[in-house]
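The values are calculated or read from the model by the stated rules, or taken from the named source; none is laboratory data. All of these numbers come straight from a predicted model, not from anything done at the bench. For neighbour counting, all protein chains shown are included, and Cβ atoms are generated from backbone atoms with ideal geometry for every residue, glycine included.
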Amino acid sequence: MESESTISLLENAIKDVKCMTERSDNSTRRSGPLGISGDSWRLLIIPVLLCMILPLGASAFMFRNDTAHTGIYNDGGTHPNNVLLWNYSFGGFQYDNATEFTYIMDNSTYASPTVVNGVVYEGSLGNNMTAFDATTGAIIRNFQAENDIHTSAAVVNNVVYFTSYDHNLYALSTTDFSTPLWTADIGAPGHASPAVVGAVVYVGSDNGKIFAFNAATGNEIWSKQTNSTPTSSNTMHSSPAVVNNVVYIGNENGNVSALNATNGAFIWNKTTGGYIQSSPAVVGNVVYIGSSDGNIYALNAATGADIWSFATGDGIISSPAVADGIVYIGSNDNNVYAIDAVAGTIVPGWPFATGDDVASSPSVANGIVYVGSNDGKIYAIHANNGLEYWHYTTQAVAVRNWIYSSPAVANGVVYIGGGEGNTNLYAIGNQTTPVQSPTAAFTSNVRNGTVPLTVQFTNQSTGTHPMTYAWDFTNDGIIDNTTPNPAYTYNSVGVFTVNLTVTNGAGSNSAVKTAWINVTAAPVTNATATTGVYRPGVGFYLKMDNGSTWNPSTDKYLAWDNAAVDLPVAGDFNKDGQAETGVYRPGVGFYLKMDNGSTWNPSTDKYLAWDNAVGDRPVAGDWNGDGMAETGVYRPGVGFYLKMDNGSTWNPSTDKYLAWDNAVGDRPVAGDWNGDGMAETGVYRPGVGFYLKMDNTGTWNPSTDKYLPWDNAVVDLPVAGKFV
């Protein structure tokens, strides 16, 4: 890569990342389980997050690519895959007592890597700060401190800054690790990683203080005790974010503090309900930070006032990343969360579940969220829907294989350390074989059928795996399934467009098949039409079987309507599988009985005033295949008007006018002539025969529509039904 003094280096800065996690105690070595203090081990792991890109012309590279801790990386245009490129072990690991967290040997890697100019910098509990070739993993140089190194390095202007358990802040030349350029006493073990802004290094210490040092000389500029109510260990795991001359930091006493970056004066303090090991992210005048009380907080950056808080299921020591208006953070409830940065609400498709606590802090690059878990796995998750892209299982080491380190992403590779029981540095993303872009394709076993229709879809997409799938079976923008070859049951009538989107490391592609599935109404099983009459001035007589004799005990007389001028209609107006009665009153409209009762009920039965022409002749049929009959009229000399719903108002944009027949003397009929689950229109022309329209279009087509001359008596009146 180019030297740090060139503009090209600045253009590559967004590819250079660093991240840090660490463990705490008040001794000269380390301590144990949470809540235990003194000479016992106190395991307090925190991902400490810090990064910066300075304006064009400067040379500064650190974690998260900005001092606001946004956690956004540039993968160089190549999504890392889950193939190991290389790994390096810093040495052995052996418990003395795993329950009490005491050790015979411990070279674990809690810190997260820094990647600058093709060099990876990583610290270990074996006291090492080591520089590796980012491509091969070969050691370039190594520095041995006096005690553990939990923190990540900030690499700025060819200087490597980091703290150690030996109470020192170190400054090393990137070209010579033999002797430090300078060291500065921070008074206690260091868990917080340094932030370098301009000519100042900001760093926290386990004595509860935050320091500002001259970056060139190591001279102290100021220090401030931030923990006004110290804990027994007085530790500080949170790393400072520096934005607009303000230093933001979390503390063990549960406070989030804002200090003047010039003199260390307090601007505000905000108290949460638990201790804070999370490091702040500052975006859009809002401070985002997690607490052991299980909440992530959004605070006003100027005043510390609450904007919102979001409760997870357990304590939070992970630090947030903020990308594209979404806050990503891990929780000890085993989940990774995505929260709307403005509303403070969970993003659809999230959270993402892992197998154990998530102390690692998420990193976001090119639409993928990368994070480690105490289940020993490193996960890549699609930011837009919370679906797993891939995971990588690290090697099992000793009793535990926790991943505390947070990932750094650069040039198609994820770099990440280990945690309790894991002494490795991993480089994941072996791109030896180029990733083939995905092309979405699919088919199905059926395309047409009656409701309910179960369709088996078969994925035919191509591209390099791993690949994720997002099926939208009705093209409504809602993801219905994420498996490669799903089955889906359509429970409503309609014509459906199907959308499949596939994604891999090279991008996404969608296959949209318009009107792919056609679902029609199911015929009533074993149903046979029966007869009935409407006697003007009396009412309806309905024969409940096709017998030849009226039976008053089983057949029905309905007196709900008996106007002499009314014209009868019948159809399944309520989708109950049975026909109901209705009348068309010329000059008034339709009256539809919603049951086969004998009394009109204004609260449940329907009056439709959409048509009231005196000369119109009524028809009824399921024009739209929704399983219910709708009304219509035949206007002699004009044509059919079909209401596509049972509303009371004619809607020219949705209802249908069919002009295919407009003879004055024709008599209308309706029925499902073609078995598609929808009723079509027809007419009986006295002295000529039946004309049946095989679809609901407005033009007669002699090649597809039907003329039936079997009856042509002038005085006959037409009927239609399922007689067989």
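Residues that are part of a strand (DSSP E or B) and β-branched (V, I, T) were ranked within the range 159-174; the one that is farthest from G118 (Cα to Cα) is T163. If you take the residues of the range 611-626 that are closer than 11 Å to Y584 by Cβ and among the hydrophobic types (A, V, I, L, M, F, W, C), which of them is surrounded by the fewest Cβ atoms within 10 Å (Cβ to Cβ)? Looking at the filtered set, the residue picked out is V614. Within the range 403-421, how many residues turn out to be at pLDDT 85 or above and either within 15 Å of E122 (Cα to Cα) or among the hydrophobic types (A, V, I, L, M, F, W, C) (or both)? Count: 13.
Which ones in the range 676-698 are β-branched (V, I, T) and under 48 Å from the mean Cα position of the chain (by Cα)?
T681, T697
The residue of the range 620-660 that is farthest from the chain's Cα centre (by Cα), among those that are in a strand (DSSP E or B) and either over 18 Å from Y691 (Cβ atoms) or free of Cβ contacts under 8 Å to residues at least 40 places away in the same chain (or both), is R635.
Out of S257, S223, S193, I need the residue that is assigned to a loop (DSSP other than H, G, I, E, B), in contact (Cβ under 8 Å) with a residue 24 or more places away in the chain and of a type in the set (S, T, Y). Which one?
Going through S257, S223, S193 in turn, just one is assigned to a loop (DSSP other than H, G, I, E, B), in contact (Cβ under 8 Å) with a residue 24 or more places away in the chain and of a type in the set (S, T, Y): S193.
Among the residues of the range 349-376, those identified as closer than 22 Å to G505 by Cα and surrounded by fewer than 19 Cβ atoms within 10 Å (Cβ to Cβ) are G349, A353, N366, G367. Of all residues in the range 94-121, those satisfying the criterion of being surrounded by 24 or more Cβ atoms within 10 Å (Cβ to Cβ) and among the aliphatic types (A, V, I, L, M) are A111, V115, V116, V120. Do we find a residue being among the hydrophobic types (A, V, I, L, M, F, W, C), out of contact with any His (no Cβ under 8 Å at 6 or more places or on another chain) and at pLDDT below 95 anywhere in the range 367-375? The answer is no; no qualifying residue exists.
For the range 122-142, the set of residues classified as crowded, with 22+ Cβ neighbours inside 10 Å and over 17 Å from N422 (Cα atoms) consists of A131, F132, A134, listed by residue number.
Filtered by the rule that a residue be closer than 19 Å to I339 by Cα and part of a loop (DSSP other than H, G, I, E, B), the range 273-285 gives S278, S279, P280, G284, N285.
Do the conditions hold for V455, that is, is it crowded, with 16+ Cβ neighbours inside 10 Å and of a type in the set (A, V, I, L, M)? Working first, answer last.
On the way: crowded, with 16+ Cβ neighbours inside 10 Å: yes; of a type in the set (A, V, I, L, M): yes.
Answer is yes for this residue.
Count of the range 472-509 residues, restricted to those that are in a strand (DSSP E or B) and in contact (Cβ under 8 Å) with a residue 24 or more places away in the chain, is 17.
Looking at the range 286-293, is at least one residue more than 30 Å from W402 (Cα to Cα) and either in a strand (DSSP E or B) or out of contact with any Leu (no Cβ under 9 Å at 6 or more places or on another chain) (or both)? So far as the range 286-293 goes, yes, one or more of its residues are more than 30 Å from W402 (Cα to Cα) and either in a strand (DSSP E or B) or out of contact with any Leu (no Cβ under 9 Å at 6 or more places or on another chain) (or both). Among the residues of the range 627-643, those identified as out of contact with any Lys or Arg (no Cβ under 6 Å at 6 or more places or on another chain), among the hydrophobic types (A, V, I, L, M, F, W, C) and surrounded by 18 or more Cβ atoms within 10 Å (Cβ to Cβ) are A629, V633, F640. Every listed requirement among (1) free of Cβ contacts under 8 Å to residues at least 60 places away in the same chain; (2) over 30 Å from V588 (Cβ atoms) is met by D676 save one, (1).
Residue under question is A184, and the condition is that it be at pLDDT 90 or above, within 42 Å of the chain's Cα centre (by Cα) and either closer than 20 Å to S406 by Cα or not polar (S, T, N, Q) (or both); does it hold?
No; evaluated as a whole, the condition is false for this residue.
Just to check your reading of the model, which residue among G537, G577 is under 55 Å from the mean Cα position of the chain (by Cα) and either in a loop (DSSP other than H, G, I, E, B) or more than 26 Å from D655 (Cβ to Cβ) (or both)? One residue alone meets the criteria, G577.
Figure legend. Inter-residue proximity from the range 551-565: first residues in the same structural domain as F590 (by TED's automatic domain parsing) and part of a loop (DSSP other than H, G, I, E, B), second residues hydroxyl-bearing (S, T, Y) and loosely packed, with under 13 Cβ neighbours inside 10 Å, beta-carbon distance below 9 Å, spacing 6+ or different chains. Indicated pairs: A559/T599; W560/T599. Looking only at residues of the range 322-359 that are more than 17 Å from I276 (Cβ to Cβ) and touching a residue at least 60 places away in the same chain (Cβ under 8 Å), we find that the one that is nearest to the chain's Cα centre (by Cα) is G349.
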